[in-house]
Amino acid sequence: MTLLRQALLVAGKDLRIEVRSRVALNQVLPFAGVVLLLFAFALDPDRGLLPRVAPGLFWVAVLLAGLLALSRAFAVEGENGVRDALRLSGLDGAAVFCGKAMAVAAQLLALEVILGFGVVVLYDLHLHNLGVVVAASLIATAGLAAAGTVYGVLAAGLRVRETLFPLLVLPVVAPVMLGATRAWEAALSGAPSEAWPWVQLLVVFCVIYVTMGWLAFGPLLEET
Amino acid sequence: MTDAGYVIGGWTLTGVAIAGYVGRLWSRSRRARRLLPPDEPGGGS
Amino acid sequence: MRFWARRGTVVLGGLTAASLVVLVVLGLFVSDPDFQQGDAVRLMYLHVPAAWVSYLAYGVTSLASALYLWKRTRAQAWDTLAGASAEIGVLFTGLTLVLGSLWGRPVWNVWWAWDARIVSTAVLFFLYLGYLALRKVPADPAVRARRSAIAALAAFVDVPVVHFSVEWWRTLHQKGTVFDRELNPAIEGNLAWALLSGVVAFTLLYLYLLERRYRLAVMEEAIEGRALDAAIAERRAEADVVPV
């Protein structure tokens, strides 16, 4: 089976689990929504601040939701001896990595669409240059999913996973926060060409962590 | 606070941090050496 | 062999102590105050060396992790070294941040600034903390070693990305030019000697602490191993006693 087929197989499994359990829909999405609301509680909505900081708030909400989604992606492996099944299946480590990352990315992208609506509605954000916004978001999400999957498997199966995983991942994805927010700001303020260096940064980050996951995921999955 | 205050504070803090860490290493080393028989590897002052 | 190891440690310790004394004398007493910064510049004699050691320790951790992962040089010693260096690194990174804050307040009237170097150091601090937390998770030594090594390398590739991204960010906003200019002043005279003595002293201190921490780690790993062996032996003894 080609790597792509294997990856799609794994991604399909994860997504099917999500469709049947609806955890992302019922728990992660509302969580992100509540986060958006809480930002408004914390930052007085009447002072015109929210639209200006909306991109940053959006990406923080996505990041926090992403932590939950990634944690979940590896929690499902802990049940029913799935990890052993994965190891015995003969699937290539790199393919499993890609599959899991793709599934997380897909969930995050769906989340981002809905949160995007939320931000427009709640924070009175006006959207321009949607192409740049979407492109930046796609690459940023891919980077988040890749880096998160690498650290997810590192922390998987550890009893301290819930507290250790966020500590490991959050410092690492700082460049994504920076790049995605600045790209959005550039696009939304009517200067989409300024977004280009940030998109490049996001691409570099994405490439680095996809490579890392490609190489390291297999060996990491092997251990008990 | 005068400049001298910051300087003295900073140097003192550094000294305390380093001394504290060295002390921690020494006491843990002493405890470890007690738990190991003299022929174990890794011993030494 | 052990005699020479002991000798070496004592010599290194002595040199370190001596160099630290030199640093205190030069840094606090002999050197002149800076023309612009006054006495506050004396904090630089600690801050810059601490920052240097942070990055040195981090480099050692990353290199040792890579050497562990590469099959041809794989050895438990590399993993032990990586962990020891990281612990010292987190200490000095924390010091760097605090000293930087204490230096920044009297000179630039700020406790913090969002420039590339400071932010990268803060991110490095958290990367270290995560790495050390990961190392504390109990596991078979080889498993823990490989997991830690990969985490170290994943963090290693992140730091340049963080640094450049923050640099772009700050230069695009064209802030901090005063800051940058003063962070790299042309240092002359006995101030330069004080700074140099700081770098030398802290480097020696790092090597000394690394050696001690490494030895401690080896001893503690041996104790863990023996405790495990003893427990296994006890379980076996129990099994033999039970009649079939």
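The values are calculated or read from the model by the stated rules, or taken from the named source; none is laboratory data. Since the structure is predicted, the reported quantities are computational estimates derived from the model, not experimental observations. Note that each Cβ is placed from the backbone with ideal geometry, even for glycine, and that neighbours are counted across all protein chains shown.
Looking for whichever is under 30 Å from A:ARG182 (Cβ atoms), among the hydroxyl-bearing types (Ser, Thr, Tyr) and buried (at least 18 other Cβ atoms within 10 Å of the Cβ) here; the options are C:SER148, C:SER165. Which one fits? Before the answer, list the steps.
Working: C:SER148 fails: under 30 Å from A:ARG182 (Cβ atoms).
Exactly one residue qualifies, and that residue is C:SER165.
Looking at A:LEU111, A:LEU67, which one is modelled with pLDDT under 95 and surrounded by fewer than 23 Cβ atoms within 10 Å (Cβ to Cβ)? So that I can check it myself, show each step before the final result.
Details: A:LEU111 fails: surrounded by fewer than 23 Cβ atoms within 10 Å (Cβ to Cβ).
Going through A:LEU111, A:LEU67 in turn, the sole match is A:LEU67.
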Task: Whichever residue in the range A:162-177 is surrounded by fewer than 24 Cβ atoms within 10 Å (Cβ to Cβ) and facing chain C (nearest Cβ under 7 Å) and, among such residues, is nearest to A:GLN200 (Cα to Cα) - done: A:ALA174
Open item on the list: Just to be sure before I move on: is C:LEU102 crowded, with 21+ Cβ neighbours inside 10 Å, facing another protein chain (nearest Cβ under 9 Å) and closer than 21 Å to C:ASP158 by Cβ in the structure I sent?
Closed with: no
Open item on the list: Please determine whether any residue of the range C:109-127 is more than 9 Å from chain A (Cβ to nearest Cβ), polar (S, T, N, Q) and surrounded by 19 or more Cβ atoms within 10 Å (Cβ to Cβ).
Closed with: yes
Task: Residues that are under 16 Å from the mean Cα position of the chain (by Cα) and modelled with pLDDT under 80, drawn from the range A:70-84 - done: none
- [ ] For A:ALA186, work out the one condition from (1) touching a Gly at 6+ places or on another chain (Cβ under 6 Å); (2) modelled with pLDDT of 90 or more; (3) more than 9 Å from chain C (Cβ to nearest Cβ) it doesn't fulfil.
- [x] (1)
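In this structure, is C:VAL48 under 17 Å from C:LEU205 (Cα atoms) and more than 10 Å from chain B (Cβ to nearest Cβ)?
Details: under 17 Å from C:LEU205 (Cα atoms): yes; more than 10 Å from chain B (Cβ to nearest Cβ): yes.
Yes, satisfied.
Look at the range C:198-228 and say how many of its residues are within 14 Å of another protein chain (Cβ to nearest Cβ) and farther than 26 Å from C:LEU132 by Cα. Spell out the reasoning first.
Looking only at the range C:198-228, we keep the residues that are within 14 Å of another protein chain (Cβ to nearest Cβ), and these are C:198, C:201-228.
Checking the rest, the ones that are also farther than 26 Å from C:LEU132 by Cα come to C:198.
Number of matching residues: 1.
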Open item on the list: When the residues of the range A:193-212 are narrowed to those that are more than 9 Å from chain C (Cβ to nearest Cβ) and either surrounded by 19 or more Cβ atoms within 10 Å (Cβ to Cβ) or not in a helix (DSSP H, G or I) (or both), which ends up farthest from the chain's Cα centre (by Cα)?
Closed with: A:ALA195
Task: Any helices (runs of 4 or more DSSP H) falling wholly within the range C:110-224 and containing at least 1 residues that are at pLDDT 90 or above - done: C:116-136, C:141-173
Task: Enumeration of residues in the range A:119-156 that are surrounded by fewer than 16 Cβ atoms within 10 Å (Cβ to Cβ) and either outside any helix (DSSP H, G or I) or touching a strand residue (DSSP E or B) at 6+ places or on another chain (Cβ under 9 Å) (or both) - done: A:ASP124, A:HIS126, A:LEU127, A:HIS128
- [ ] Answer yes or no: is there a residue in the range A:162-180 that is over 17 Å from the mean Cα position of the chain (by Cα) and on the phi < 0 side of the Ramachandran plot.
- [x] yes
